[in-house]
Structures are given as structure tokens and as C-alpha cells.
Protein chains: 2
Amino acid sequence: MRKVYLDNAATTPLLPEVRQVMLPFLDEIFGNPSSLHDWGDTAREAVDAARVQVAQLIGAGAEEVIFTASGTESNNFAIKGLALAQQSKGKHVVVSAIEHFSVLHSARTLEKLGFELTLLPVDKQGVVDPEEVRRSLRKDTILVSVMQANGEVGTIEPIEEIAQITRENNVVFHTDAVATAGTIPVNVKELGVDALSLAGNQFYGPKGVGVLWVRKGVRIMPLLDGGVQEGGRRAGTENVPAIVGLGKAAEMAMANMAGRVAHLTPLRDRLLTELPAKIDHVVVSGHPRNRLPGNASFCVEFIEGESMLMLLNSQGVAVSSGSACTSRALKASHVLIAMGISHELAQGSLLFGFGLDNTTEDVDYVLEVLPPIVDRLRQMSPLYSKFIKTGKGGS
Amino acid sequence: MRKVYLDNAATTPLLPEVRQVMLPFLDEIFGNPSSLHDWGDTAREAVDAARVQVAQLIGAGAEEVIFTASGTESNNFAIKGLALAQQSKGKHVVVSAIEHFSVLHSARTLEKLGFELTLLPVDKQGVVDPEEVRRSLRKDTILVSVMQANGEVGTIEPIEEIAQITRENNVVFHTDAVATAGTIPVNVKELGVDALSLAGNQFYGPKGVGVLWVRKGVRIMPLLDGGVQEGGRRAGTENVPAIVGLGKAAEMAMANMAGRVAHLTPLRDRLLTELPAKIDHVVVSGHPRNRLPGNASFCVEFIEGESMLMLLNSQGVAVSSGSACTSRALKASHVLIAMGISHELAQGSLLFGFGLDNTTEDVDYVLEVLPPIVDRLRQMSPLYSKFIKTGKGGS
């Protein structure tokens, strides 16, 4: 059977070149970067080289790059660490309603610690209005966090405009760039942000490594206390093989970004156009143009996404229904709900995440196998029967 | 030149068998364990199998094993997460003065959050007296943390006796087993503890992975919020290759533990006996018998440990002076100071961490190259000149 991996939003495979640079660090180069001898020196130099590679990807200074173990850790560190470090100025935090749970739930934890939280609404395409950010700011606002793009629906946010507003108001601004860094151009100076999260496994680097970039001069409280690694900001023995792999992935992303975008965009657009043409009652979610090059997301009416996933999997196709981190929670996506999509429709969400290995044939295969799956599921759907009989319940 | 790695306390190399099981997870098996398709299933099954392997190593239930990214994260999670979850009962925390900085500094962070901290003293051999634990307990004590063994001086602590006392007093007891798990027998039921930290890179497993074991029924507040990974207790995409490697390392440690201890102990004892015989004014640190099988630690009078490290390194020998996490802080070890060793003497600390690859010849090589290094450094030492002239300043 044909095997088609279309879940690159959940995780990408490792590029062979990335794997290759990692292998010696699983073998003879095993030293602890903190050690004061040749074994340690070799490991430390490799970590420092990777730090430069990552810094170059995002237009930052190498000393501003803090290695973490995941995008989730980076987001936790940003939200909790930045808020706790600025709390003498105030205790009001603003995040968008469509943030990843690592941002949203970190903000909820701050609430338990006595902070106040404002959730920014989004429009039907998932866009945060910068004027909403302006309106949300108070004298005691110390931190705003809005993601650069939403991995579930693909919408890219107006980060530069938001940064303009936070800067005018002297409020620290963090952006979760886990879905964008390594995929589309991300430059911290052009964006004008103060802190930015990214993750290796989102752009053909390894799992187990992420980055929090914090602009020089911005104070942050460590989340992990202990040794003096990462300039005393994040303790723990460095995950050298993964860091080295992330560096290589960053270098390759920078070198090949335009070509990658040019490869992904037509695949995405083909599916965005053809799927609603082939299947009735399918709605594209997210922004029609300002969206991630590899993201094609839909809501299929009268069906649960889970069932489509299972049947697509039985045909060799891997996709997801919302973010991987929440897939096992089996709840309607908070992102779709915030976009004003009904709980019922949100249940039928389907996310295709294209990657470098995908081809036009993969899209055609989906267009071939998905319609009969949808037909079959709708025949078993009480909601669909009701709609056919009464014309009610459709969107 | 002969190359002798004697810094296994900082990090161990990967065993070839561990590397072997990891490689497919850097290649074709790249799915996100949270994904609901074949790619995700394969990854999830591998993580679950590793969870069982780790659970077996420490005599625990698999569902009690929480994967983290390091021993440092495990310790932060334990100290902060257990204290914050129990704070309705009180805000007093007790840790020993010789804990790793990931425990000590986490406890200091709790102080900033309004908790009270008691540091337990140790004797000259680094042993915590269980009766000191008993005396430290108050009505509002909610957490005690004492490491199972100190990685710097090798001393093994009376964890079972301490657990008896905390249990009688209904106080949660955490032990940092980073230096012991996978090296000497560790059984959470026999120890009687409520939570235990371990790290992969301490027993021939990979960097970038650790474990916090928390006994079923003991409440803990997540340190990393977000997705529902690890039973909702620790968010973030799982570091599958590292977790799989840790599982294999645990399995191998369990299968070969007696043989490993039998290999390490005579190497350690040879150095502990011969070094003070070969060099004047060398003091063994830590407990003479109740110590880690691979740990030989000393204080060399009138010299700074750093200089010895550098010159040993130039002879191909890797050792450390205190813990790797603090080696770049260049301060006298808080562990030695807590043991009543003077700042001057503590500066001359030297830690040999034996590993599976080491041989008697390695010990002999150290015994050959170290004495002339010490001689050379002492000739440049004002403290030593003074001692020779006056007989004062020695220990």
C-alpha cells in the first residue's frame, strides 16, 4: 500500500544530513560540555557552533540563544520566566486565544500565582487584530504573547504590527515561532519581538531540542535551576547530539528556504482547491492566503475527525485533527472554537501538513481515497441523515 | 598519547547496544507518539516499552515513570512540583546541604515564593544523620529531599532510615538518584521514598533524557504545561530516540549490575589506597566504604584543582574537580564546604569517575603522571612554600 505521511505539523522526519552530523555525538564525541578537558571542549565547541547556526536562522546574536528540550519548554520558559521577572512592574499578561496549550496553560498557571490574564479574540480566519492588542494593554501589562503562525489552521499573524504597539507601550512581547522558524523567513529584528520560541522537530531537526531566544537586556527568570549552563539561564547537561542536529537543520533551512516554500505551496494550494471541489460540505479553515506553505486544514461537516483519521490511516495516509499535543484529549480544538466555528463542525477538523518528501501524487492519492471515506462515514452519521431530510444543520 | 577518560561522573559514553536501538528512531521511525496513525503508534509503543524497562530498573510501576529531559529537570520538577502541590498543608521544605544545585537552587526558588527552607548538615564524610531529619521536621513540613549518593564525593546516604522517619510524619520524601540509578541497586519500594530522579547519561544511556518517578497517589504540579503527554504531568513532544536509548540502558544496567560493580570497585579502591601513598598531603573525601563503586575523590593540599585538571588533560587524562554542572563557576564545592573542609583544601579537589571501559592500567597511568604534576604545581605554590618553611597551613 502507498504510504503518505502528511502529518509534518506534528513532527517532521530527520534529514539525512542532520542525522549524519549527529551520529559522532552518539559515539566517540560524548563529553559533557561543562567539563574542563578535551572531551568537554569538543562537545562545547559543537554546541557553540550550533548556537551560531540557530542565531543566523533568526537574525539574532548567538549569546541570546538558549537551548531547551522542546518548543513546549521554550513556551513555558517564556511565559512563566518573562512574567515572573517583570512582576515588579505589574501582573497583567495578554495572550491570544489560539495559542498552543504550552502558552495558554502556562498563562493559566500564572493566574494561579496571582497574575491577571486577558485572552485576545481572533476573527473567523484566525487573525489577531493588532488594535485588539492595543485595547488590551493596561498600566500593569508586562507581557504579550501571540504566535507567529498557528500550526493547526496555518494562519500567519501580524507580528510586526503587534510588536510596534507593545514597543510603544514598553511591554515585553513573545512570539511562539514553533510553526514558522525554519519554514518561512523569521528575523527577530524585523519582527521586533523580545522573545521567540522554536523547535527542532518542526523543520527536519531532531526531537528533544528547542530554543528560546531572548533579546539581550530582557530579564527572564530560569525555569530550570541548577548549573550554570546556557549562561545560567537554563540548567541541565546539554543534549549535545540534538543541539548539533538542530544547528545543521537551521543551516539547511536557511540555505533552502525559498525552494522549500516553492515546493510546498502548490501542494497545499492544490488540496485547498480540490478537496472542497470533490467533497460537499467541506470548509477550508484558516486564512486563504496568509498561511503556512505546508498547511491545508479543513472542517468536514457531519463527521468526526477521529474517524477520518483512522480510515485514512488504513489507506496508508497519516494526517491529524488539530495539534498532536492535544490529539489524545479528544476535545474540539480551542483554536477552531475561538475562530467562531461550532463545536459540531470543529469535530470534523482535518489537518494536512505537507513536507519536503511529499509530491503531487500524494495530493492526488488523498483526493482519491478521502471522498469514499467521507461518504461511508456520512452514511453512518445521524447528523447527516437529518440534514439530508430537513436541510438543517449544515453550515 | 594514552587517552584515559575518568570523568564518568560528568557523563558516561553511550554503550554500542544503546546507540543501536536508538538509530532507527533517528531514521524511519520518526512519528510523534501523540499522533493517531501508524507513525505515531510505532513511536508510542517504543516509548511505552522504554517506560517498562525503566520501571523495572527501579522496581516501580510503569505508569509512575515520567520522562523528562535531564536529571536537572527531574529535580526541578520534584522540588517545585511536589512543594507547590502540597502547599495547602504547609510551606516548609527540608533538603540536605550537599544536594546537587538543581535541588538546592530549586529550593531557593521556593523560598522566593514564600516557602521556608531548612538545610540539613552532614558529617565529615558527607553523611546525613537521619536523626537530623527527624529534628528538622515541623508541623508545616511538606517535603524532604536527600540524595541517594553524592556524585562528587561518592557518599551513599541512609535513605531507608530517612524514609522511615518521613513516612511516620506523613511528609513527602524525594531522593535524587542521578548518581546511583543504573549504577547500584535502586528499588523505590525498598528505599521507601515517594519520588526519585534519575538521568540517562549517568549509566551509559543518552543525554537529553531523565526520569522523575512519583509514587502513585502523590500529587505533583507540572513544571511544563501544555499537551497531555506523560499522563498530563509533563508536556512536550517526547524525545523518542533518547527515551528508547534510556530504556535499553536501564535493561542493560539491571542485567549487568553486579558485574559492573565488581569491575569498578577494585579500580576505585586501588586509587583510593595508592594515591595518598604516592603523594603527601592528599586526603580522601567522602565515606571510606559507603561510597559509589566508581568514585575516587580527593583533596590535594596546596594546589588548585583546576591546574591539576589542565595538566592531567595535557597527559590525556580527563577528570573533574567537583560536579560538571558547577565546574565553570570556579567556586569551592559547596559539598566539601558542608563537610567541614576548608575553602583552601576544597580548591584542591579532584574527582575520578571510573567507568566500564577503564582498566587497572588506567589507574597505574594516573599514579604515574599525577605525582610529577603535583610536584610541579606545589613548587609554584606560595601556600606550599610557607608550609615547608613553617610547618603551618597543612591539614
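The values are calculated or read from the model by the stated rules, or taken from the named source; none is laboratory data. Remember, it's a predicted structure, so these values are computed and weren't measured experimentally. Note that we place each Cβ from the backbone using ideal geometry, even for glycine, and neighbour counts take in every protein chain shown. Accessible surface is based on the protein model in full, side chains and every heavy atom, while ligands, DNA and RNA are left aside. Shrake-Rupley method; radii C 1.70, N 1.55, O 1.52, S 1.80 Å.
Data for the structure
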{"item": "Whole-Hz ³J(HN,Hα) from phi, Karplus 6.51 cos²θ - 1.76 cosθ + 1.60, for the stretch B:96-105, glycine and proline x", "result": "6, 6, 10, 4, 4, 4, 5, 8, 4, 6"}
{"item": "Bins of 5 Å, starting at 0 and running to the largest distance - Cα pair percent for the stretch B:328-393", "result": "3, 13, 16, 18, 19, 19, 8, 3, 1"}
{"item": "Solvent accessible area, Å² - A:His263, 1.4 Å probe, full protein context", "result": "70"}
{"item": "Solvent-accessible surface ranking, highest first, for A:Lys392, A:Lys124 at 1.4 angstrom", "result": "A:Lys124, A:Lys392"}
{"item": "Long-range amide H partners of B:Leu117 with built H, under 5 Å", "result": "B:Val93"}
{"item": "Hz values of 3J(HN,Hα) by residue in the stretch A:159-172 - Karplus curve (6.51, -1.76, 1.60), Gly and Pro given as x", "result": "5, 4, 5, 5, 4, 4, 6, 5, 5, 4, 9, 6, 10, 5"}
{"item": "Accessible area (Å², 1.4 Å probe, nearest 10) - A:Ile341", "result": "30"}
{"item": "Rg to Rh, two decimals, where the stretch A:136-182 supplies the alpha carbon set and Rh follows Kirkwood", "result": "1.02"}
{"item": "Neighbouring partner chain Cβ atoms per residue of B:103-110, average, 10 Å criterion", "result": "3"}
{"item": "Residue mean of other protein chain beta carbons inside 10 Å, A:279-285", "result": "0"}
{"item": "When the stretch B:70-210 is reduced to its Cα atoms, the Kirkwood hydrodynamic radius in Å", "result": "14.8"}
{"item": "Longest to shortest principal axis, alpha-carbon extents of the stretch A:255-395, angstrom", "result": "54, 31, 27"}
{"item": "Computed over the stretch B:64-141: relative contact order in percent, which uses C-alpha pairs under 8 Å that are six or more apart", "result": "32"}
{"item": "Amide H partners (placed H, <5 Å) of B:Met147, local residues excluded", "result": "B:Ser96, B:Asp176"}
{"item": "Kirkwood-type radius of chain A, with distances r between different C-alpha atoms, in Å", "result": "21.8"}
{"item": "Theoretical ellipticity at 222 nm over chain A - DSSP helices of four or more residues, -39500 (n - 2.57) apiece, nearest 500", "result": "-12500 deg cm²/dmol"}
{"item": "Simple Cβ-charge dipole of chain A, Lys/Arg +1 and Asp/Glu -1, about Cα centre, in debye nearest 20", "result": "960"}
{"item": "P(r) tail fraction, the stretch B:257-309 - alpha-carbon pairs more than 19 Å apart, %", "result": "32"}
{"item": "Vicinal HN-Hα couplings computed from phi for the stretch A:271-283 (Karplus, 6.51 cos²θ - 1.76 cosθ + 1.60; Hz; Gly/Pro x)", "result": "5, 4, 7, 7, 5, x, 6, 8, 10, 5, 6, 10, 10"}
{"item": "Inter-chain Cβ neighbour average for residues B:21-32, partner chain, 10 Å", "result": "5"}
{"item": "Sequence of B:Tyr384, B:Tyr204 from largest to smallest accessible area, 1.4 Å probe", "result": "B:Tyr384, B:Tyr204"}
{"item": "Cβ-derived FRET efficiency at R0 60 Å, B:Arg134 paired with A:Ser342, nearest 0.05", "result": "0.50"}
{"item": "Convex hull projection area averaged over all views, the protein assembly as shown, Cα basis, nm²", "result": "34.1"}
{"item": "Measure of compaction for the stretch A:1-154 (Cα Rg per 2.2 N^0.38 Å)", "result": "1.34"}
{"item": "Within the stretch B:130-175: Cβ-based charge dipole about Cα centre, in debye rounded to nearest 20 (Lys, Arg +1; Asp, Glu -1)", "result": "260"}
{"item": "Mean Cβ count within 10 Å, highest first, over the residues of peptides A:75-86, A:160-171", "result": "A:75-86, A:160-171"}
{"item": "Volume in Å³ per residue [convex hull over Cα atoms, computed for the stretch B:208-283]", "result": "186"}
{"item": "Positive-end residue of A:Gly192, B:Ala43, B:Thr12, charge dipole of the protein assembly as shown with Cβ unit charges", "result": "A:Gly192"}
{"item": "Of A:Val284, A:Ile388, A:Val335, farthest towards positive along the dipole that unit charges on Lys, Arg, Asp, Glu beta carbons give the stretch A:259-395", "result": "A:Val335"}
{"item": "Stokes-Einstein diffusion coefficient of the stretch A:192-241, Kirkwood radius over Cα pairs, 20 °C, 1.002 mPa s, in µm²/s", "result": "174"}
{"item": "Loop-located trypsin sites (Lys or Arg not before Pro) in the stretch B:262-350, at most 10 other Cβ atoms within 10 Å (DSSP)", "result": "B:Arg289"}
{"item": "Anchor A:Lys91: aspartates and glutamates whose Cα lies under 17 Å away (excluding residues fewer than 8 positions away in-chain)", "result": "A:Glu111, A:Glu116, A:Asp140"}
{"item": "If the convex hull is drawn through the Cα atoms of the stretch A:101-161, its volume per residue in Å³", "result": "89"}
